[in-house]
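Laboratory data are not the source of any read-out in this text; all were calculated from the coordinates shown. All values reported here derive from a predicted model rather than from experimental measurement. Cβ placement follows ideal geometry from the backbone for every residue including glycine, while neighbour counts extend to all protein chains displayed.
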Amino acid sequence: MSRRSLAESPPAVALRRIGAVALFLVRILGQCLPALRQPQLLVRQLYNAGARSLVIIMLSGLFVGMVLGLQGFDLLQRFGSEDALGVAAALSLLKELGPVVTSLLFAGRAGTALTSEIGLMRATDQLTAMQMMAVDPMRRVVAPRFLGGVIAMPLLAAIFSGLGLFGAHLVGVQLMGVDAGSFWSQTQGAVKLEDVSEGITKSLVFGVAVSLIAVYEGYHATPTAEGVGLATTRTVVASSVLTLLLDYVLTAMFL
Amino acid sequence: MRTTRSLELGTGLFVLLGFAALFFLTTQLPGSGLKLGRESGYLVTARFDNVGDLKPGAPVSMAGVSIGRVESIGYDPRVFKAVVTMRIQPRFNEIPDDSDAAIQTQGLLGGKFIGITPGGSETYLKGGGQIEFTQSAVVLENLVNKFFANFARRGSDGDKPPATEAQQQDGNGSK
């Protein structure tokens with residue numbers, strides 16, 4: 001096998017991509033502090049990534065919680081311990097469903113928007129124009145978007161978990177007749193602060209992963225209409241897979 | 001100007017909601033968190049030898065109907081008993097003062113709750129009153145131990161009848 005074909009083989013390409021993403025992360029981190037000095041840019045990105053994802057996150061959280069309420073009640077009823085519904089719903093929402101589903105939705109809702117926005121800037125030479133004006137696009141475009149995503153993710157996941165718990169309460173207590181006192185007292189007895197912080201840590205890590213992939217793919221998109229489309233697809237695929245993979249690693253770490 | 005205002009409004013709303021959710025999850029969910037809000041109803045105490053894993057917030061029921069909640073669980077060092085304070089809803093104000101309170105279990109794996117069996121007295125429990133007759137939580141392990149002790153004794157003694165209650169208590173106490 002010649003040297004050239006070895007460098008173009010799939011494992012080598014994948015390895016190169018991982019390295020490029022890691023280097024890109026280092027470059028972003030270097031620009032994070034300067035980006036914080038322009039808070040109006042950060043606020044705008046927080047709005048784009050967070051506030052605009054609010055409706056889909058709230059709706060999904062509510063319905064995931066309601067389904068948990070139904071399924072959990074049906075399962076626990078067989079053992080005559082429907083009072084544990086609150087514990088089951090709270091722990092599964094806090095530790096798994098909240099961070100993971102929020103991250104998947106975030107990748108679809110905000111990640112794609114980031115990639116296509118930066119990709120189009122690339123395609124229409126806006127990034128090059130900035131460089132011509134001695135404005136660093138990493139600082140002006142990439143870093144605020146990355147930071148906005150990282151800050152927005154834990155907040156969105158918390159909203160998701162909170163509303164999910166409300167949904168589980170709605171179905172379990174109001175619809176199925178689980179005692180409200182048992183529901184909450186058992187939940188408060190079983191949920192520890194570590195469970196909450198596990199969820200927050202997970203959502204923070206997912207936020208970094210999804211935002212990083214989104215800005216990387218946008219920044220390095222082929223500057224054509226097709227290239228931006230492909231980059232957007234890659235963002236969704238890569239960040240979804242990475243979310244689930246990291247979830248396993250983090251869960252194993254916390255256990 | 002208008003776009004900035006709606007932008008700031010939306011971002012503010014999002015951040016506020018996010019932190020409200022975080023606050024709720026970190027302070028209200030774990031048992032050690034803060035307690036907000038006040039409940040109505042009158043307080044009644046009862047002393048138990050053993051409350052098992054009864055938790056504050058567990059229901060207090062009469063004839064299977066929830067009439068209140070466990071407010072707090074303390075310990076009385078003078079009589080070596082657990083003091084359970086219950087908050088009974090104001091509309092259930094005709095509970096005879098010689099009623100019996102027992103700690104029971106919901107289902108096989110369910111949590112503990114307090115079941116009140118009404119007595120025959122003409123006077124009723126008032127706020128700050130105490131239920132004198134109590135029955136402790138059944139600790140499943142003790143029950144299983146008793147069962148196996150009983151079983152083993154029966155096996156070794158051939159056809160002897162099962163040990164009496166007093167003997168069982170003896171065997172358990174000497175352990």
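Here the simple spin-label model places points 7 Å from the Cα toward Cβ, and for A:Thr233 and A:Leu59 these points are separated by 2.6 nm. Look at the stretch A:39-50: the mean tally of other chain Cβ atoms within 10 Å of its residues' Cβ atoms is 4. Ordering of B:80-87, B:119-126, A:36-43 by packing is B:80-87, A:36-43, B:119-126, highest average first (other Cβ atoms within 10 Å, averaged per residue).
Between A:Glu8 and B:Thr117, the simple label model (points 7 Å from Cα in the Cβ direction) yields a spacing of 8.6 nm. Looking at the calculated P(r) for segment A:40-254, what percent of the C-alpha pair distances fall above 26 Å? Counting pairs separated by more than 26 Å, the tail of P(r) holds 41 percent.
Just add up the charged neighbours of A:Ala51: K/R +1, D/E -1, any other residue whose Cβ is under 12 Å from the Cβ of A:Ala51. Once positives and negatives cancel, what remains is +2.
Between A:Val67 and B:Thr26, what is the spin-label point distance in nm, taking each point 7 Å from the Cα along the Cα→C-beta axis? Taking the simple label geometry, A:Val67 and B:Thr26 are separated by 3.0 nm. Computed over the Cα atoms of segment B:42-135, pair by distinct pair, the Kirkwood hydrodynamic radius stands at 13.1 angstrom.
Work out which helices of chain A, taken as complete DSSP H runs, extend at least 20 Å along their axis over the Cα atoms and score a mean Kyte-Doolittle of -0.5 or more, then list them.
A:10-36, A:54-77, A:143-169, A:193-219, A:225-254
Sorting A:95-105, A:215-225 by their mean Cβ neighbour count within 10 Å, with the most densely packed peptide first, gives A:95-105, A:215-225. The mean count of C-beta atoms from other chains within 10 Å of the C-beta of residues in A:87-94, rounded to a whole number, is 1.
Once you sort the root eigenvalues of the Cα gyration tensor of segment A:1-112 as a ≥ b ≥ c, which label holds: rounded (a/c under 1.5), prolate (a/b larger than b/c) or oblate (the other case)? In terms of gyration-tensor shape, oblate.
Once the piece of chain linking A:Thr224 and A:Lys192 is laid out straight, how much longer is it, given 0.36 nm per residue of separation minus the C-alpha distance between them?
Contour length minus Cα-Cα distance gives 6.5 nm.
Evaluated at q = 0.13 Å⁻¹, a Debye calculation over the C-alpha positions of segment A:143-255 (equal weights, vacuum) places log10 I(q)/I(0) at -0.66. Within the shell of other residues whose beta carbon sits under 14 angstrom from the beta carbon of A:Thr251, the net charge comes to -3, with Lys and Arg scored +1 and Asp and Glu -1.
Report the local net charge at A:Asp195: Lys and Arg +1, Asp and Glu -1, summed over other residues whose C-beta lies under 14 Å from its C-beta. Provide the component values of the computation, followed by the final result.
Values: positive: A:Lys95, A:Lys192, A:Lys202; negative: A:Glu96, A:Glu194, A:Glu198.
Here the charged neighbours net out to 0.
As a ratio to 2.2 N^0.38 Å, the alpha-carbon radius of gyration for the protein assembly as shown is 1.35.
The stretch between B:Ala63 and B:Asp76 holds 1.8 nm of extra length on full extension. This uses 0.36 nm per residue minus the Cα-Cα distance.
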